[in-house]
Amino acid sequence: MKEALMSGPAPHDTRTTGRSLGPEAITPLVLFGLTILLVIASRWISPNLGGFHQVAAIIVLSSFLMVVAFGQQMVVLIGGLDLSVPSLLTLGGILTFGWSTASGWSLIWILLAVLVVNGVIGALSGAGIAWLRIPPFIMTLAMGIIVYSAALGITAGTPRGHPSAALASLFTGRILGLPPIIYLMILFVIAGTALQSYTPFGRKLYALGTSPVAAHVAGLPVGWLTVATYALSAAVAGVAGFLLVGYAGGATLVMGQSYLLPSIAAVVVGGTSILGGRGTYISAVAASLLLTTFSTIISSVQILEGWRTIIYGCVILIAIAALREDLPLWLNRSLQRPSRPPPQAANAQSAQ
Amino acid sequence: MSAVAGPLRVERHRRPVAGRLLGSGTVMVTVIYLLLLLVYALCQKNALSMTQFSDQLSNGLPLALAAAGGTLVVLMRGFDLSVAGVIALADVLTATHAADGQMGALLCLLMVVGVGLLVGAVNGFLVAYAGLQSIACTLATMIICSGAALLVLDAPGGSVPEFISDNLTGTLLAVPVPLIIALVVLFGWAVLRRTNWGVGLYALGADETAARLAGIPVRRVKFLAFCAAGALYGVAGMMLAAATSNGDPGAGTSYLLLVFAAIAIGGTTFTGGRGGLLGSMIGAATLLLLQKVLFSLGVSSFYTGIGQGLIMIAAVLIAAFSARLARRMPR
Amino acid sequence: MFRKHPLWGFVLGLVMAAGLVLAGLGTAARAASPKKFKIYLSLSYSGNAWQSEAANIVKALAATPPYDKLVDLKEVISGTDVQAQISAYESMIADGANGIISFPISSSGLDKAIRRGCKAGVLIWVYDGMVTEPCAYSVSYLPSGFGENTAQYLVNLLHGKGNIFLSRGVAGNMVDKRHYDGAMSVFKKYPGIHIVAEYYGMWDDQTTQLETAKALAAHPDVDGIWAQAGEDGALKAVLASGRQKLPKLTGENSNGFRLALANPAYQARGFNGVSSGSPPASAGVAFKLMMEQLVKGRKLPFHNILYPLPWVPANQVKICTGSTFENGCNAFPEGKVPDSFVDEVFNPTLVPELSIASALEGKPTPGATIQPLPPNSYFKQSPNVPGIDCNHCQAPADPYPLTKVTPFNSGT
């Protein structure tokens, strides 16, 4: 649309180099810092909290959210929102659970098949959004309903299958005293960050998110980029379902439902803007850890559920307020570093 | 209409009638609604009876009001997730704190509007003055409100005074009361959108920088839009309590996504500046009618969702592409 | 706007709409089926094992002779939204239903629609949950005291002291509150019982497992877990944590949990508990009672029928060899049904027609015919539970009486 030409900020490379403490570097640091503070402070509530085992458990438990948040963050980065995440996670889980029995396929083939099935469904959503101009909100909502309904019909409500021992060993096994999933997650986060920040695909997404029109004018394949992003989001949602089957040894039709709002929360607390073009995956990872840590601790506090919910909401509010765009700038200034030229985003930032 | 924003709207008014009709999301959603109604009438014998109509109105009003509120925020390219929280809070407050009789109903209305305004003001402040992104801070206020709703009522129950539950879903002089309430909201909107605030809302949704340069008090317009939206959610929550005659702290959850679906089907674009309340309210009615149509078609309930999803996409496609068609018409 | 496909979407949209209109015409043209009872099955959401088993057995019974010739059963899923269920009830009543059998999403939110249905002569039965509108009929275990009985059993196992978790259902839900209030009426009496964590498992195995794992990370020293549905997830979380000594666990009726209770290896590690809670069989009983009313004109002396609380302590788990409860068995061998399978879908007295295939796929058992239900004297009336099965009514003096277990006394 032509309005966007005027209102959107000019495309610029928002990624910072490691040399200066730009907002992209500070956000995850602040979030990691808050998480560590929370863990330490939790010892007041129970002396068992804050131990090595608890930290390891929190990382394991937040891994599903981290995986889902990767896709959600890419979608938000290009100015969309993926509401089909719960259904696609469920689909990934049902397929993994079902295929584990049918033929005794090896895990890697199951994973690949889940990636393909989910990727195709995500690509369909992406195509509707890119070429039929259906708002992402509606396209992914409708796709989510369709996929869920199909899964419900095909399984008749009860997914059947067998738990896979190999998949479960990701969580129950130990490598150097830690479950293998932790190492896998570290690899996943590194790969995700690399994909976003150090590949042409990732850079194009930032450009597309910042200004679709400018990206189009610059000759980027806007449509295909959009399709690829939604396909990727659907695929990683499937991976989360795959992992959950390993963790829980089964699949249910509601397994994805508790991941929609947390995935959005992780992404926005991580500073990614729905207006697109800003935010990094590592911040969303930090936010996932923070939110999981917090919910772990709050369930040990003997207060009414209403208060727990209110406090949870306040933590999200405080985190996003503390991570306001100009806070890092202010920090930068007070750290007496040579400040970068003020970003032209001063106007655009309040554009929502 | 203020002179400032005049030029931004002129384009719409010079189009030929056919183009204007095609281009209006509201007209298209009305056409879609009527099509669905036709299907419904064909396969359900008493589909067009007064009771059916009245039932649908009282069932659909909460969603319609919530969608109307959400539209105000979407018009300026924002997202307001707090709708789920405010509806739940207003719903349980009505079921626990309302007194019987006319006075009780009036006080209850003041209470829910007050709560809605308060939450809306917090959202508005955080977005307009503190510069936070709307989806993030309304997510937080939604969670806080649903927590508060749990504190007010820890399980479904309470009791809605009979005056509220009977009269707000009944008829007044043979006209269904929900229809009257919807018309009052639409009338209020018709007045407000001609004020500086209403014009500013569209202007800043279409192009915030231009609106700012044109001297529109962008922050105040945003702040007030969130407040008005909150107030409408509050009323929606009260109407929900009236329709179900009890309070439920989890009542808001199912509204979160439905509201946005109703807005999109109603022809309000998520890129701001186009659409309106009437479209969203008809969009809400369409979603509800859709349930009825799928019911009467006898689609196996497992697969109802597939029909629902496809029709949502179809509705948005028809609206969007007729709008594009309109733009291509010769002037 | 990038003009790639100017009319594509429009055409696509029109085609989809046209398809719908045609489908509508097709249905309208279809002749009304010969005289059968038109029964609607109104569900909340068919997302977990419990919900789908309850729905499946109703479908299976409706397909079992002679009901297969008498019943035209249609199923409608309303999600978790009360208004969607109200709207569904209204559609069913308008469609001239003879009966509605339903899992009620809300205990009082449906009253208006139910009242209208009763006026129109529709028989309305609800199962598992109850409604406050007195004209509806119900079959429910809810007032039979799952919360207090399991809580007392846990206290007894722990000899009145220890750290426990409460694994609850859905926040702000009436059933969850009833169970919780009952349980707390017991726990409050024992100062040695410390509730160190309380979380919501959404009655879902996976969610419960994740939440239990979080709580275990914070409190590895837990001695017992009081769980609502989802207990199999709590068990899995405990097993995955790798501890040697297992906590006591009380929960509902999943097959995985029952097998674990009977597992000698776990028992050796201190595992013990009781399986109780919500029986999907109540849906079948409600359906059969409704059909007897319609077909035989059966009269019932009261509307709210109490389904007795299932109660299987660890030492009473007995594995079945066939595909239903026979000879007092109450669990199935591993692999025959999913771990999440709710065993209390069977009841040899009330619904002997059912088999595993009925519960999992909604298929009638080959060769089975509908057996008559016992006389009215067999059934017990539910006590008053204000807000759940009646409005403005008086609750019994002791709302949480213990029926299955006697209180542990620290003095003896």
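Miscellaneous remarks
- Chain C: C-alpha gyration tensor shape, a/c 1.5 cut-off, then a/b vs b/c: prolate
- For segment B:155-167, backbone phi angles converted through the Karplus equation (6.51, -1.76, 1.60; θ = phi - 60°) give residue-by-residue couplings of 7, x, x, x, 9, 8, x, 4, 4, 6, 6, 7, 6 Hz, Gly and Pro being listed as x.
- Computed magnitude of the charge dipole of segment C:145-275 (debye, nearest 20; Cβ of K, R +1, Cβ of D, E -1): 360
- Counting only DSSP beta bridges with both residues in chain C, the antiparallel share comes to about 15 percent.
- Chain C: most fluctuating residue of C:229, C:63, C:265 per GNM, C-alpha cutoff 10 Å: C:265
- For the peptide C:359-372, the mean number of other protein chain Cβ atoms found within 10 angstrom of a residue's Cβ is 1.
- Cα gyration tensor category, rounded, prolate or oblate, for the protein assembly as shown with a/c compared to 1.5: oblate
- Relative to the 2.2 N^0.38 Å rule of thumb, segment A:32-331 has a C-alpha radius of gyration ratio of 1.01.
- Remark: B:172, C:154 ranked as B:172, C:154, counting other beta-carbon atoms within 10 Å and listing the fewest first.
- Of the trypsin sites (Lys or Arg not before Pro) found in segment B:179-248, the ones in coil according to DSSP and having at most 12 other Cβ atoms within 10 Å of their Cβ are B:194.
- DSSP H segments from chain C that extend 24 Å or more along their own axis, Cα-based, with Kyte-Doolittle mean of 1.0 or above: C:8-29
- GNM flexibility winner over chain C from C:354, C:157, C:261 (Cα, springs under 10 Å): C:157
- Simple Cβ-charge dipole of segment A:32-331, Lys/Arg +1 and Asp/Glu -1, about Cα centre, in debye nearest 20: 160
- Packing here is the average count of other Cβ atoms within 10 Å per residue, and on that basis the peptides C:395-407, B:63-75, C:313-325, highest first, run B:63-75, C:313-325, C:395-407.
- Packing-based order for A:188-200, B:79-91, using average beta carbon neighbours within 10 Å, highest first: B:79-91, A:188-200
- Prolate/oblate/rounded label for chain B (Cα gyration tensor, a/c 1.5): oblate
- Within 10 Å of each Cβ in A:152-165, the average number of Cβ atoms from other chains: 6
- For segment B:139-255, the Cβ-based charge dipole about the Cα centre amounts to some 660 debye (Lys, Arg positive; Asp, Glu negative; other atoms uncharged).
- Integer Hz, Karplus 6.51/-1.76/1.60 couplings in order for segment B:206-212, x for Gly and Pro: 6, 6, 5, 4, 4, 4, 5
- Loop-located trypsin sites (Lys or Arg not before Pro) in segment A:120-217, at most 13 other Cβ atoms within 10 Å (DSSP): A:174
- Most tightly packed first, judged by the mean number of other beta-carbon atoms within 10 Å of their residues, the peptides A:33-43, C:279-289 read C:279-289, A:33-43.
- Summary value for segment B:210-331: 17 percent relative contact order, contacts being C-alpha pairs under 8 angstrom separated by 6+ residues.
- Average other protein chain Cβ within 10 Å of Cβ, residues B:240-251: 6
- Cysteines of chain C lacking any other cysteine Cβ under 4.7 Å from their own Cβ: none, as each has such a partner.
- Positive-end ranking of A:262, A:239, A:152 along the dipole of segment A:32-331, with charges on Cβ about the Cα centre, is headed by A:239.
- Cleavage-rule hits (trypsin sites (Lys or Arg not before Pro)) in segment C:114-172: DSSP loop, at most 16 neighbouring Cβ within 10 angstrom: C:161
- Gap separating the Cα centres of segment B:122-161 and segment A:139-170, nearest whole Å: 32
- The DSSP beta bridges internal to the protein assembly as shown are antiparallel in roughly 20% of cases.
Only the coordinates and a few stated rules stand behind these numbers; no lab work does. The structure presented is a predicted model; accordingly, all values stated were derived computationally and were not measured. Counting neighbours? That spans all protein chains shown, and the Cβs are built from the backbone with ideal geometry, glycine included.
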